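These notes are about the structure you will find just below.
The values are calculated or read from the model by the stated rules, or taken from the named source; none is laboratory data. The shown structure was predicted, so the numbers you read here are calculated from the model rather than taken from an experiment. No Cβ is skipped: glycine too gets one built from the backbone with ideal geometry, and neighbour counts run over all protein chains shown.
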Amino acid sequence: MPLLEIAAGSLESALAAQAGGAGRVELCGNLAGGGVTPSYGLVAIARDRLSIPLHVLIRPRTGDFLYGEAELEIMLRDVDACVRLGCDGVVIGALDADGRVDRSFCRTLVEAAGPLGVTFHRAFDAARDPAEALEDVVVLGCERVLTSGGCPSALEGAEAIAARVRQSAGRIRVMAGAGIRPDNVREVLGRSGVDEVHASARTLQRSAMRWRNERLLDLPVDRDETARATVAALVAELMPADGVAG
């Protein structure tokens with residue numbers, strides 16, 4: 001059975017992912033902005049309360065994937081925290097100014113991760129040459145790469161993802177992500193040939209606040225959270241036809 005990874009932006013979302021049957025959680029902060037490293041406290045309590053594998057996004061800011069020396073120091077400290085907290089993996093990615101994988105920068109992070117699994121995130125989709133980028137990620141020793149095939153959604157990029165699966169030849173896992181929903185996940189799997197998919201399964205959660213200052217449009221009180229039912233629906237779509245997980 002293909003594995004479902006859920007990008008969770010809170011403890012509530014991480015627990016909903018687990019309850020819905022996800023196989024792994026990628027813990028992030030600021031998912032609406034593309035994702036950054038979550039707080040130490042969030043990582044620590046998620047590690048305590050999750051029984052499924054926990055991977056943590058290592059990204060110091062939103063925007064591009066071209067980082068400086070100070071940002072490398074930040075990322076190394078975040079990786080070290082994940083190692084000490086007993087996380088299962090980290091999710092990294094960095095490019096140089098010409099759009100190639102920054103192998104030296106990323107190698108430093110991979111070495112710092114030690115025994116933790118390493119996923120190369122969708123910085124991959126911003127690389128100038130996907131075939132070259134995949135070879136670089138393989139050389140780095142990453143265990144998987146997350147990609148939408150360089151398109152806004154994995155469904156649109158399914159053929160490009162399939163090309164990377166063929167190129168990988170079993171040397172690295174290719175995980176499809178972006179726009180994955182219960183109504184399209186089977187098509188993404190069939191067309192791309194991946195055996196891991198990545199989704200957030202989010203839905204709008206209304207605040208329990210009875211009073212709101214409606215003038216504060218820059219401070220919304222409602223938020224998106226992973227929905228257990230959506231995760232369960234995705235898992236159901238990933239089950240083989242006989243209903244028995246392999």
Practice task
Would you check if there is a residue in region 40-56 being in contact with a Pro (Cβ under 7 Å, 6 or more places away or on another chain), among the hydrophobic types (A, V, I, L, M, F, W, C) and closer than 26 Å to GLY179 by Cβ?
Solution key: yes
Completion exercise
The residue that is farthest from GLY99 (Cα to Cα), considering only those in region 141-171 that are of a type in the set (A, V, I, L, M, F, W, C) and buried (at least 21 other Cβ atoms within 10 Å of the Cβ), is LEU155
Practice task
Identify, by number, the condition in (1) touching a strand residue (DSSP E or B) at 6+ places or on another chain (Cβ under 7 Å); (2) surrounded by fewer than 21 Cβ atoms within 10 Å (Cβ to Cβ); (3) not β-branched (Val, Ile, Thr) that ARG49 doesn't meet.
Solution key: (1)
Exercise for the section: Name the single residue, out of those in region 95-110 being more than 20 Å from the chain's Cα centre (by Cα) and of a type in the set (Asp, Glu), that is surrounded by the fewest Cβ atoms within 10 Å (Cβ to Cβ). Expected result: ASP98
Practice task
Can you give me the number of residues within region 183-231 that are of a type outside the set (Gly, Ala, Ser) and closer than 16 Å to GLU156 by Cα?
Solution key: 11
Fill in the blank from the handout: Sole miss for VAL188 among (1) of a type in the set (Val, Ile, Thr); (2) more than 20 Å from ALA19 (Cα to Cα); (3) at pLDDT below 90 is condition (3)
Handout entry: region 204-239: number of residues that are among the hydroxyl-bearing types (Ser, Thr, Tyr) and either surrounded by 12 or more Cβ atoms within 10 Å (Cβ to Cβ) or under 30 Å from GLN167 (Cβ atoms) (or both)
Key = 2
Exercise for the section: Output the number of the condition that GLN205 fails; it satisfies all remaining conditions of (1) at pLDDT below 95; (2) out of contact with any strand residue (DSSP E or B) (no Cβ under 8 Å at 6 or more places or on another chain). Expected result: (2)
Completion exercise
Scanning region 217-246 residue by residue, those among the hydrophobic types (A, V, I, L, M, F, W, C) and modelled with pLDDT of 85 or more turn out to be LEU219, VAL221, ALA227, ALA229, VAL231, ALA232, ALA233, LEU234, VAL235, ALA236, LEU238, MET239
Practice task
Only residues in region 56-77 that are in contact (Cβ under 8 Å) with a residue 40 or more places away in the chain and surrounded by 18 or more Cβ atoms within 10 Å (Cβ to Cβ) count as the first member; pair them with residues that are part of a loop (DSSP other than H, G, I, E, B) and hydrophobic (A, V, I, L, M, F, W, C), Cβ under 7 angstrom, at least 6 apart or cross-chain, and list the lot.
Solution key: LEU57/CYS28; PHE65/ALA94
